[in-house]
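Here the structure comes first, spelled out in structure tokens, and everything after it is commentary.
The values are calculated or read from the model by the stated rules, or taken from the named source; none is laboratory data. Owing to the predicted nature of the structure, the values given are computational and were not obtained by experimental measurement. Cβ sites come from the backbone with ideal geometry, for glycine too, and all protein chains shown count toward neighbours.
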Amino acid sequence: MACQDLVEDDSEDLAGNYGAYDCIAMLQWVQDNIRAFGGNPDNVTIFGESAGAFLVGALLVTQQKLFKQAILQSGAPETLTHRSVDSSINREYFESLLQHFNIPHGLASEQRIKLLKEIPTSKIMEFVSARGAVVNDYGLTIEESVKSSIWTKPAIELIKERKWNPHLKSLLMGHTKDEGSIFAFFFQTTTKEGYEHVLRKRCPFSPQNKIEKLYPPPEDLETQTPLTTDWKNCAGSRLIADQLCESPMENLAMSFDEVKHHVTGEPCKLFFYQLNENLPSIDRGLDWGAFHTIDLPLIFNIKTLWDSNSDQAKTSAVLGRMWADFAQTGCPDPSWPNYAPSASPMKFFIESGGKVFVDDMRTSRTELQKRRVQFWIGQLPHIVKLKEIVR
């Protein structure tokens, strides 16, 4: 939520990014108080998944001492948009909010804000929920205040300028093998209508002919059913996975590659993984594979979703150990080398049953996979700065 009305109402001339600033306040509280709970303010790890990983990516460019390690699961700074206060997306969102609560648009800005502040937070949240999860609605607002600004440009651009948080020492990031399967199912991307919906929503200004060569559009197959459709490997599934997760994460890795912080002169250690596990208790025969969010129950060890001696239980134990070791030492496993895209792109593959192996991405990726990732890396700056509403 960002608009010129809110800028004029703010003592720092800022609007938007309220959730990010809440996270900063929370992390500052940890710095100030964690010793009282037996914690160490010098060794704090933050982590997030999906939109949470996008938010962690945004926090990477804060400058105060808040954390030492960060984990990004299935998301990166370019997974969602960065836009100016006066973008049409922000304007439409704010105007729909005014209309919903019958606040006349013709009032002076301070009067509109005053009336909005009188509305209970619960009512605002009901409006947000009723509006639905429109991915393009969400993201960071570029800040232009001369008084106090963090995100003066997209976070990835600040990282490329070597201006990440000077206290950041290690970064663990990765994605699941089949990030797009659950989206392909919900959007029915194996149909012409579903496929075109994804193109219209996620890449409206990208060259369609190139996309269709990289991800051939489907033919309507009347004989397909939800149980026989290959949700993991269909074009729509791969497109969403590559655009939302794999390419933004690869671009983030490249931004840290063989560079040092512009002030401290120190590099940031980087570890990259792919998770491949399944949860039949969730997909119930639809075979979504290692779908988006599958890492959450595994990392938090939700034992009710699997048997005690199952592959899932073993994978959960391995992930729990790695995440705990990373939080304590800045390294998920002593055998893991740093991920260096140009010199040594060694990625770790966590397979079903907790088995782990390492592979060189220069040789393990197919030529088609390489072309897909490079295509999206080239398109990401345009998608991230999306200004217009695409419904």
How many residues does the range 1-53 hold that are touching an Asp or Glu at 6+ places or on another chain (Cβ under 6 Å) and farther than 26 Å from Ser96 by Cβ?
0
Taking the range 68-91, which residues are surrounded by 23 or more Cβ atoms within 10 Å (Cβ to Cβ), out of contact with any Phe, Trp or Tyr (no Cβ under 6 Å at 6 or more places or on another chain) and hydrophobic (A, V, I, L, M, F, W, C)?
Ala70, Leu72, Ala76
Of Ser181, Ser206, the only residue that is within 21 Å of the chain's Cα centre (by Cα) and at pLDDT below 90 is Ser206
Restricting attention to the range 179-188, which residues are touching a Ser or Thr at 6+ places or on another chain (Cβ under 9 Å), surrounded by fewer than 24 Cβ atoms within 10 Å (Cβ to Cβ) and within 20 Å of Phe54 (Cβ to Cβ)?
Ile182, Phe183
Among the residues of the range 68-98, how many are within 17 Å of Lys153 (Cβ to Cβ), of a type in the set (Val, Ile, Thr) and over 11 Å from the mean Cα position of the chain (by Cα)?
1
What residue, among those in the range 40-67 that are of a type in the set (Gly, Ala, Ser) and part of a helix (DSSP H, G or I), is nearest to Ala25 (Cα to Cα)?
Ala58
Among what's in the range 324-357 and is among the aliphatic types (A, V, I, L, M) and surrounded by 14 or more Cβ atoms within 10 Å (Cβ to Cβ), pick the residue that is farthest from the chain's Cα centre (by Cα).
Val356
For Val146, work out the one condition from (1) aliphatic (A, V, I, L, M); (2) surrounded by 13 or more Cβ atoms within 10 Å (Cβ to Cβ); (3) not in a helix (DSSP H, G or I) it doesn't fulfil.
(2)
Test: Leu319 is crowded, with 21+ Cβ neighbours inside 10 Å, among the aliphatic types (A, V, I, L, M), modelled with pLDDT of 95 or more and not in a loop (DSSP other than H, G, I, E, B)
yes
When residues of the range 213-232 are limited to those that are at pLDDT 80 or above and either over 31 Å from the mean Cα position of the chain (by Cα) or surrounded by 13 or more Cβ atoms within 10 Å (Cβ to Cβ) (or both), the one farthest from Arg284 (Cα to Cα):
Leu214
Only one of these is among the β-branched types (Val, Ile, Thr), farther than 19 Å from Thr81 by Cα and surrounded by fewer than 22 Cβ atoms within 10 Å (Cβ to Cβ): Thr191, Thr176, Thr152. Name it.
Thr191
Residue check for Ser364: under 23 Å from Lys169 (Cβ atoms) and either hydroxyl-bearing (Ser, Thr, Tyr) or within 20 Å of the chain's Cα centre (by Cα) (or both)
no
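Every residue, every condition in (1) over 26 Å from Ala51 (Cβ atoms); (2) over 18 Å from the mean Cα position of the chain (by Cα), yes or no:
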{"site": "Pro166", "(1), (2)": "no, yes"}
{"site": "Lys177", "(1), (2)": "no, no"}
{"site": "Thr191", "(1), (2)": "yes, yes"}
{"site": "Gly194", "(1), (2)": "no, yes"}
{"site": "Gly236", "(1), (2)": "no, yes"}
{"site": "Gln243", "(1), (2)": "no, no"}
{"site": "Ser255", "(1), (2)": "no, no"}
{"site": "Glu258", "(1), (2)": "yes, yes"}
Subset of the range 49-102 that is of a type in the set (Ser, Thr, Tyr) and in contact with a helix residue (DSSP H, G or I) (Cβ under 9 Å, 6 or more places away or on another chain) - its residue that is farthest from Gln243 (Cα to Cα)
Ser96
Between a first residue in the range 256-282 that is closer than 22 Å to Trp323 by Cβ and a second residue that is assigned to a helix (DSSP H, G or I) and among the acidic types (Asp, Glu), which pairs have beta carbons less than 7 Å apart while being 6 or more apart in sequence or on different chains?
Leu275/Asp295
If you go through Ile113, Ile103, Ile156, Ile124, the only one that is more than 30 Å from the chain's Cα centre (by Cα) and either of a type in the set (Asp, Glu) or in a helix (DSSP H, G or I) (or both) is Ile113
Confirm whether Glu8 is part of a loop (DSSP other than H, G, I, E, B) and either at pLDDT 95 or above or not polar (S, T, N, Q) (or both).
no
Determine, yes or no, whether Thr62 is within 30 Å of Trp376 (Cα to Cα), surrounded by 18 or more Cβ atoms within 10 Å (Cβ to Cβ) and at pLDDT 90 or above.
yes
Anything in the range 14-33 that is in contact with a Ser or Thr (Cβ under 8 Å, 6 or more places away or on another chain) and among the small types (Gly, Ala, Ser)? List them, or say none.
Ala15, Gly16
